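See structure below.
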Amino acid sequence: MKYIIGLFMSFLGFYFAADHLNQDFSEFWDVVAFSVVVIGTAAAMLITFPAAPVMLMVRRFAQKFFLPSRSVKKHAEFCFEAYSRRLQKIKSTSIEEKLISDGLELNRLGFDKETIEDIISQRFEIYSKRISMLANWFKRCAKYPPAFGLAGTVIGLIHLMRGLSAGADAKELGIRMAVALIATFYGILLSNLFLSPLGEWLSEELHKDEIKAEMSLRLVLMIKKNANPVEVQEVLNSFLSNSEKARFAYDLSMTEEVA
């Protein structure tokens, strides 16, 4: 959601800038610039795609981008609900929910504490590596659009110089110069508004996933040893900030009353 809001704010800024300069958005469109920058960047991204199953990476990215991500506090509340009800089957749409579901299943099958911890940790580690590969790939690919933008600008300048040698008037030369600079504009925009922010956003989401995955693992282990509600509350609270703990304790007491 933050990424979508950021994109909207940036396009709003460009809109006000163009409107202030009395420029039509059609003036920012150029087939040559688009072909060189966008298609060139897409080709470079294809060549450098991580050595992992394509559909799996696409599915992981779609899960992160399109499915709502639960906050750490919300996940703590979900964990306590899973503990209170001893949920054996959980509709897992995120990695942290899947870890709880898998852990409860392993517990039901009679695996010991160390084995459950090793299996759950290994599954999250594999997930983490794939998301890291995807995030680093986006960050690496952010360097390509400016380079292709420069290439498009060079093509435009060649076109400009040929027009100059052919005796084109000042108006025609100005148009050709503007067209040449659009390629650089595309490259900067694609790099700093799409690829680099996507990589940073994925890295940030992975940090949150690490906290929630650790919370899920601790929950499964506490259920395994049949910990009391006070211990569960304290362990889950340890993942939250001070401002969240007080409210979380109140929510947990209400959950106990309902249970």
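Exactly one of these conditions fails for residue 211: (1) closer than 30 Å to residue 49 by Cβ; (2) aliphatic (A, V, I, L, M); (3) buried (at least 17 other Cβ atoms within 10 Å of the Cβ). Give me its number. The failed condition is (3). Annotation: of all residues in region 115-158 being small (Gly, Ala, Ser) and more than 26 Å from the chain's Cα centre (by Cα), the one that is nearest to residue 179 (Cα to Cα) is 156. The condition (being out of contact with any helix residue (DSSP H, G or I) (no Cβ under 8 Å at 6 or more places or on another chain) and either of a type in the set (A, V, I, L, M, F, W, C) or more than 22 Å from residue 5 (Cβ to Cβ) (or both)) is satisfied by just one residue among 180, 166: 166. Is it the case that some residue within region 77-89 is of a type in the set (Lys, Arg) and under 27 Å from residue 2 (Cα atoms)? Taking every residue of region 77-89 in turn, none turns out to be of a type in the set (Lys, Arg) and under 27 Å from residue 2 (Cα atoms). Remark: pairs (first residue in region 116-140, in contact (Cβ under 8 Å) with a residue 12 or more places away in the chain and under 30 Å from residue 192 (Cα atoms); second residue among the hydroxyl-bearing types (Ser, Thr, Tyr) and part of a helix (DSSP H, G or I); Cβ separation under 6 Å; 6+ apart in sequence or on different chains) = 135/203. All of (1) farther than 30 Å from residue 10 by Cβ; (2) at pLDDT 90 or above; (3) not small (Gly, Ala, Ser) hold for residue 171 with one exception: (2).
Note on region 133-185: among residues that are assigned to a helix (DSSP H, G or I) and of a type in the set (Lys, Arg), the one that is surrounded by the fewest Cβ atoms within 10 Å (Cβ to Cβ) is 171. Just one of the listed residues (49, 66, 78) is within 25 Å of residue 234 (Cβ to Cβ) and of a type outside the set (Val, Ile, Thr), namely 78. Restricting attention to region 240-259 and to residues that are at pLDDT 75 or above and outside any helix (DSSP H, G or I), the residue that is nearest to residue 71 (Cα to Cα) turns out to be 240.
Within the bounds of region 228-239, is there any residue that is in contact (Cβ under 8 Å) with a residue 12 or more places away in the chain, in a helix (DSSP H, G or I), among the aliphatic types (A, V, I, L, M) and in contact with a Pro (Cβ under 6 Å, 6 or more places away or on another chain)? So far as region 228-239 goes, no, none of its residues is in contact (Cβ under 8 Å) with a residue 12 or more places away in the chain, in a helix (DSSP H, G or I), among the aliphatic types (A, V, I, L, M) and in contact with a Pro (Cβ under 6 Å, 6 or more places away or on another chain). Checking 52, 42 one by one, the residue that is of a type in the set (A, V, I, L, M), closer than 21 Å to residue 130 by Cα and modelled with pLDDT of 90 or more is 42 and no other.
Selection of region 186-197 for residues being out of contact with any Phe, Trp or Tyr (no Cβ under 7 Å at 6 or more places or on another chain) and hydrophobic (A, V, I, L, M, F, W, C) yields 188, 189, 190, 193, 194.
Considered as a group, the residues in region 93-114 that are within 30 Å of residue 45 (Cβ to Cβ) and hydroxyl-bearing (Ser, Thr, Tyr) include one that is nearest to the chain's Cα centre (by Cα), and that residue is 94.
The values are calculated or read from the model by the stated rules, or taken from the named source; none is laboratory data. Note that this is a predicted model, so its numbers are computed, not measured. Positions of Cβ are generated from backbone atoms using ideal geometry, with glycine treated the same way; all protein chains shown enter the neighbour counts.
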